[in-house]
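All remarks here apply to the structure that follows.
What follows draws every value from the coordinates through simple rules; no lab data is involved. All values derive from a computational prediction rather than experimental measurement. Please note: Cβ atoms are built from the backbone with ideal geometry, for glycine as well, and neighbour counts cover all protein chains shown.
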Amino acid sequence: MKLNKIKAIKEKKPGKGFRIRYHILMSYLLLVVLSLALLWGTQILFLNKFYENERVGIAEKATDTMSEYFNQYDEITEENLKELTELYDDLASTNELSYMLVDRNYRIVYENNKGMAHQFSRNEIDFLQTNANLKGGKYTTSAEGTAQDTKVVIICCVLKNEKSNQGCYLIVNTLITPVKTTIAMLRKSTYLVTILMILISVIVAIIMSKSLAKPIQNITESANNLARGEYKTEFEGGRFAETRQLAKTLNYASSEISKIDELQRDLIANVSHDLRTPLTMIKAYAEMIRDLSGDRKEKREEHLGIIIKETDRLAQLVNDILDLSKLENGRQPLNIASFDISAKLHDIMERYKEFSEANGYTINYTEHPPVLVQCDIGKIEQVIYNLVNNAINYTGEDKQIFVTMETEEDFVKISIRDTGKGISEDNIHQIFEKYYRAEKTKREVVGTGLGLSIVRAVLKAHNFPFGVQSKLGAGTTFWFKIKRDKESICI
């Protein structure tokens with residue numbers, strides 16, 4: 001039984017693992033540690049390297065710009081050279097650079113800021129020019145500065161005016177000073193930031209882990225209560241959308257389990273009642289035969305007839321329970337065959353004719369041309385009988401029942417409609433449950449109370465569409481579809 005599986009949950013011990021609260025806490029702290037490591041790496045350990053790369057990049061970009069300025073003139077005259085050096089001076093001043101222009105004879109044409117330590121010998125200039133020519137027009141190198149721990153980055157670029165074919169060499173250098181003082185200051189501030197971040201992150205992580213874990217803990221406690229059979233348990237999801245959705249789903253599951261539990265109790269009560277009633281009748285009439293009517297043939301035959309009728313009813317109930325159990329567990333194979341559903345419906349309606357005339361019922365059915373379908377003949381016949389019997393039990397005072405057949409492209413649709421009180425929207429989804437009744441006070445006139453459950457099990461086993469349509473005061477229509485057999489020929 002489903003409820004037995006649910007109750008068994010509380011007997012299972014949870015597997016070992018990290019609590020989600022600690023998992024969130026450790027994950028958040030790990031993120032903070034990685035962030036601090038990145039901060040220390042960029043601000044302290046690699047600051048000198050970053051600074052040097054930045055200065056080299058600035059110098060190279062300025063050199064490229066100077067080369068572009070050189071090519072914007074048609075010819076380099078003294079006037080143009082003066083204008084050009086003014087542009088170079090502005091660019092060098094902005095980027096904290098020094099430079100000089102050297103002609104092909106190693107003569108310095110122009111030099112800014114002579115106080116900088118960039119005085120080169122003829123051999124050094126020759127070395128720079130040669131490498132610049134070999135490297136495609138630009139050569140970058142470095143040398144130790146005159147001051148302690150300083151470094152000079154030197155860039156030699158070949159300047160050539162494409163229009164006048166004039167040219168010279170541009171030698172740019174920039175002084176890279178150590179940033180030890182800056183690093184020392186940053187180290188002190190980074191220590192403070194690290195301590196504050198760790199403290200704040202621990203507090204935030206604890207708060208976050210609690211806020212995330214608390215709804216899950218509440219849901220777990222409520223789930224344990226549900227497993228103990230407390231079906232009125234309410235699940236609370238907290239302020240997160242995911243946990244609220246989980247709580248909503250579990251509340252729905254709790255409600256459905258409660259309904260299943262109620263239906264199971266009703267099932268046990270109804271089956272017990274239906275088993276006890278015929279047994280009581282059989283015992284009573286057997287005692288009457290023994291004590292009263294044993295010698296009176298007419299009375300004895302009457303009492304024996306009642307015993308046989310109650311025995312048949314008891315056998316039918318037991319058979320229905322067994323059939324339903326086999327169908328639901330998939331242990332009853334289907335004997336699929338092709339047959340004429342129109343002829344089968346005609347035969348079934350003929351069998352109801354005597355009953356209908358004797359009890360005042362009218363079963364409305366229109367004959368149809370032959371249509372072949374593929375299914376288990378016996379099971380589908382049982383479905384039709386159960387639905388017609390259900391309609392007989394619950395049709396209105398006019399005792400009208402309507403059986404219709406519609407031919408579709410791939411299916412044949414069969415509908416059975418009564419004119420009874422109908423079923424409310426709140427109850428219609430439970431109509432196929434065992435022993436479910438839309439009106440609790442009314443018992444079925446014919447059948448065992450398992451008819452609609454058997455209908456559902458048979459149609460699900462065939463994988464056929466089925467359903468029910470009903471409105472209060474307007475009757476109920478049960479319908480199902482059978483797969484057509486288009487390949488066979490109806491004879």
Computed for the chain: size of charge dipole around the Cα centre, +1 on C-beta of each Lys and Arg, -1 on C-beta of each Asp and Glu, debye to nearest 20, value 2540
Return the FRET efficiency for the residue pair A474, V318: r is the Cβ-Cβ distance, R0 is 51 Å, and the value is rounded to the nearest 0.05. 0.90
If one puts a single equal scatterer on every Cα of segment 241-329 and applies the Debye formula without solvent, what log₁₀ I(q)/I(0) results at q = 0.14, 0.18, 0.20, 0.24 Å⁻¹? -0.69, -0.87, -0.94, -1.10
So what's the angle, to the nearest 10 degrees on a 0 to 90 scale, between helix 341-359 and the longest Cα principal axis of the chain? 50
In nanometres, what is the gap between the two model label sites at L31 and A337, each 7 Å from Cα along Cα-to-Cβ? 6.8
Cα-Cα over 27 Å: which of K259/K326; K379/K413; K232/K481; K188/K210; K248/K421; K61/K135? K232/K481; K188/K210; K248/K421
Say the dipole of the chain comes from +1 at the beta carbon of Lys and Arg and -1 at that of Asp and Glu; which of I257, F478, S211 then lies farthest toward its positive end? I257
For segment 188-250, the spread of Cα positions along each principal axis, largest first, Å: 61, 21, 9
Take the Cα radius of gyration of segment 336-483 and divide it by 2.2 N^0.38 Å, with N its residue count; two decimals is plenty. 1.00
Tell me the relative contact order for the chain as a rounded percent, counting alpha carbon contacts under 8 Å between residues six or more apart. 11
At 7 Å along Cα-to-Cβ for each site, give me the label-to-label distance between K399 and V56 in nm. 10.6
Theoretical gain in end-to-end length, L304 to V193 [0.36 nm per residue, Cα-Cα removed]: 30.1 nm
Selection from A315, Q245, Y285, by position along the positive dipole direction of segment 241-329 (Cβ): Y285
Just to verify a number: FRET efficiency for S121 and E68, C-beta to C-beta distance, R0 = 22 Å, to 0.05? 0.15
When the dipole is taken about the Cα centre of segment 241-329, and only Lys, Arg (+1) and Asp, Glu (-1) are charged at their Cβ, what size is it in debye, to the nearest 20? 120
What fraction of the DSSP beta bridges in the chain is antiparallel, stated in percent and rounded to the nearest 5? 95
1/(1 + (r/R0)^6) with r = Cβ-Cβ of L38 and N112, R0 = 60 Å, i.e. FRET efficiency to nearest 0.05, evaluates to 0.90
If you build the Cα gyration tensor of the chain and take the root of 5 times each eigenvalue, what three semi-axes come out, in whole angstrom, biggest first? 100, 34, 18
Extent of segment 79-230 along each principal axis, from alpha carbon coordinates, in Å, largest to smallest? 101, 39, 29
Starting from the Cα of K326, step 7 Å along the direction of its Cβ; do the same at I207; then give the gap between the two resulting points in nm. 6.6
Can you give the helix-only mean residue ellipticity at 222 nm for the chain, where every DSSP H stretch with n ≥ 4 adds -39500 (n - 2.57) and the sum goes over all residues, rounded to the nearest 500 deg cm²/dmol? -18500 deg cm²/dmol
